[in-house]
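Report on one structure; see the data block that follows.
The values are calculated or read from the model by the stated rules, or taken from the named source; none is laboratory data. On a predicted model such as this, the values are computed, not experimentally measured, just so you know. For neighbour counting, all protein chains shown are included, and Cβ atoms are generated from backbone atoms with ideal geometry for every residue, glycine included.
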Amino acid sequence: MSCENIENLKKTELKIALLLEEKHLLSAKELQNILNVDKATIYRNIKHLLKKQTIREIKNSEGVGFYELNCKIHNPIHPHFECRVCKKIYCLKPFNAEDILSLSNYSEYDIEEIEVIFKGICDECKTVTSEK
């Protein structure tokens with residue numbers, strides 16, 4: 001990976017960044033389970049990575065944070081989907097340049113960040129619901 005955001009990261013921070021590059025979107029609990037480290041270690045490293053803008057946080061409707069790599073080249077701005085049943089967040093395909101320009105020109109305010117989350121029922125929950 002050649003994202004400038006991952007240069008000079010500490011060992012656990014680098015592990016988190018590489019996991020997010022591979023898995024795309026994980027919660028703190030998922031990161032904790034995969035890396036087999038304590039909760040404090042995960043949250044301390046997430047805090048540092050957010051401060052360095054190496055990762056982005058997307059919260060679901062219950063306030064649970066999901067994290068993804070913040071890289072304009074390898075993970076450009078894109079909308080997300082939240083399942084109303086399982087509350088999991090999924091990445092959707094990135095916006096194209098025209099979409100971003102259109103959204104950023106939506107208002108006379110100085111827009112610094114755009115976050116789009118679609119909500120519905122994911123395929124997995126839809127299958128479980130239809131089997132009942």
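Quick check, is Tyr43 among the aromatic types (Phe, Trp, Tyr) and more than 27 Å from Glu124 (Cα to Cα)?
Against the criterion (among the aromatic types (Phe, Trp, Tyr) and more than 27 Å from Glu124 (Cα to Cα)), Tyr43 qualifies.
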Can you name every residue in the stretch 106-120 that is hydrophobic (A, V, I, L, M, F, W, C) and assigned to a loop (DSSP other than H, G, I, E, B)? Ile111, Ile114, Val116
Please pick out the residue among Ile77, Ile89, Ile58, Ile46 that is within 15 Å of the chain's Cα centre (by Cα), among the hydrophobic types (A, V, I, L, M, F, W, C) and within 14 Å of Leu9 (Cβ to Cβ). Ile46
Inside the stretch 106-123, can you point out the residues that are touching a residue at least 40 places away in the same chain (Cβ under 8 Å) and either surrounded by 13 or more Cβ atoms within 10 Å (Cβ to Cβ) or not assigned by TED's automatic domain parsing to the domain that holds His80 (or both)? Ile117, Cys122
Residue tally, condition basic (Lys, Arg) and over 16 Å from the mean Cα position of the chain (by Cα), over the stretch 16-42: 1
Helices (runs of 4 or more DSSP H) wholly inside the stretch 1-105 that include at least 1 residues being surrounded by fewer than 16 Cβ atoms within 10 Å (Cβ to Cβ) and either in contact (Cβ under 8 Å) with a residue 40 or more places away in the chain or aromatic (Phe, Trp, Tyr) (or both): 39-51
